[in-house]
Amino acid sequence: MTIKRREFLITCGLATLATQIPPLNAQGKPSPNTICKPPRLQLGDTVGLIAPAGIVDAKDIEAAQQSFSQLGLKVKCGKHILDRYGYLAGKDADRAQDVNSMFSDRTIKAIIAMRGGWGCNRILPLLNYSLIRSHPKIIMGYSDITTLLLAINARSRVTTFHGPVATSTWNQFTVDYFKRILFNGEAVTMENLNSSEVRVETIAPGKARGKLVGGNLSVLSAMVGSPYLPSWNKSILFVEEIGEDVYRIDRMLTQLQTAGILNQIAGFIFGQCTNCSLGDEPSFTLMQVLQDHILPLNIPAWYGSMIGHIKDKFTLPIGVEVEINADVGTIGMLEAAVSVV
């Protein structure tokens, strides 16, 4: 039977719309397998500051308040932000409580870690992932905060953000990506500054698409075998590191390889290895180690993206579809990372 033109157009329109709306379960809520994108930031919003890892000083909070005020944002600190427990910013239960409280607080529109260090891995079993799923918000940081970003993305199915912490240098480059991605909801292409200090070194040429996943290499490798890691299938893996000898980078990449992670990815980016040395002689160079591990995978890959313990940083959305170009070292977002509605 011939379908009338108007009915055909309506049918096509509904089919197109269906691909843009997250599937709902029987209760009318998004399917647990659907990634939730947090609402975008707007001028006048309140940002929640937490210390889920290392110790924070009062002067750091004052500096952070100034930085966010210049961005047109208000600040609210976690109850335990100045706590101390050995080298941690408070006891595990208290640091976890601050994370959970920020997600349940309706006045908070984004959550940003004060700093990294160590400690986030200890609080993962204490986080309320159902609460986080039902109150999706921007959560951002890097280094040890990698743990929270990956766990929340994996267990709550919420887009998270690898970017500056509150004590980072909020310069023009860093702020520009922060605003375009988190305020404007743009799908941007991330491209290095024209700088001799941060040069793209192609490991294997080509382009690839996939969900962006990654963070600090030490932290990520320490999470292998836990239930807090997202799917690696056809993902784009990015890593960064600081203060590690090359043999340790080799060891951590070997762990990812033997765990079956590297064989699943569609592309690889090593941001910066800040203050990484050759260690005891004899040694491989970092590039030799990267080539040993990555070239056999036959995937696009490069070293030298503006990711890591450096002043100029990208804001990387974990769980968002991207296309990378290893010839020029660009990361192109194929969709917005926040909800603009």
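What to note about this one:
- Filtered residues of region 246-279 (kept if at pLDDT 95 or above, open to solvent by 20 Å² or more (accessible area, probe 1.4 Å) and β-branched (Val, Ile, Thr)): Thr254, Thr258
- All positions within region 280-308 that are at pLDDT 95 or above, open to solvent by 30 Å² or more (accessible area, probe 1.4 Å) and assigned to a loop (DSSP other than H, G, I, E, B): Asn298
- Top-ranked residue of region 53-76 - restricted to ones that are within 19 Å of Trp118 (Cα to Cα) and in a loop (DSSP other than H, G, I, E, B), ranked as nearest to the chain's Cα centre (by Cα): Ala53
- Qualifying residue in region 169-181 (condition: open to solvent by less than 20 Å² (accessible area, probe 1.4 Å) and in contact with a helix residue (DSSP H, G or I) (Cβ under 7 Å, 6 or more places away or on another chain)): no
- Candidates Ala53, Ala96, filtered to the one that is within 13 Å of Ala166 (Cβ to Cβ), buried (at least 20 other Cβ atoms within 10 Å of the Cβ) and either modelled with pLDDT of 95 or more or touching a strand residue (DSSP E or B) at 6+ places or on another chain (Cβ under 7 Å) (or both): Ala53
- Candidates Lys74, Lys59, Lys91, Lys79, filtered to the one that is closer than 22 Å to Thr169 by Cβ and without any contact (Cβ under 8 Å) to a residue 24 or more places away in the chain: Lys59
- For region 132-153, the criterion of being free of Cβ contacts under 8 Å to residues at least 40 places away in the same chain, out of contact with any Cys (no Cβ under 6 Å at 6 or more places or on another chain), surrounded by fewer than 17 Cβ atoms within 10 Å (Cβ to Cβ) and in a helix (DSSP H, G or I) is met by at least one residue.
- So Thr34, is it within 16 Å of Met102 (Cβ to Cβ), hydroxyl-bearing (Ser, Thr, Tyr) and open to solvent by less than 50 Å² (accessible area, probe 1.4 Å): no
- Qualifying positions in region 154-168 - touching a Phe, Trp or Tyr at 6+ places or on another chain (Cβ under 8 Å), surrounded by 21 or more Cβ atoms within 10 Å (Cβ to Cβ) and not hydroxyl-bearing (Ser, Thr, Tyr): Ala154, His162, Gly163, Pro164, Val165, Ala166
The values are calculated or read from the model by the stated rules, or taken from the named source; none is laboratory data. Keep in mind that this is a model prediction, so the values were computed, not measured. Don't worry about glycine lacking a Cβ; one is built from the backbone with ideal geometry, like all the others, and counts go over all protein chains shown. Remember, those area values only see protein heavy atoms, side chains included, never the ligands or the DNA or RNA. Shrake-Rupley method; radii C 1.70, N 1.55, O 1.52, S 1.80 Å.
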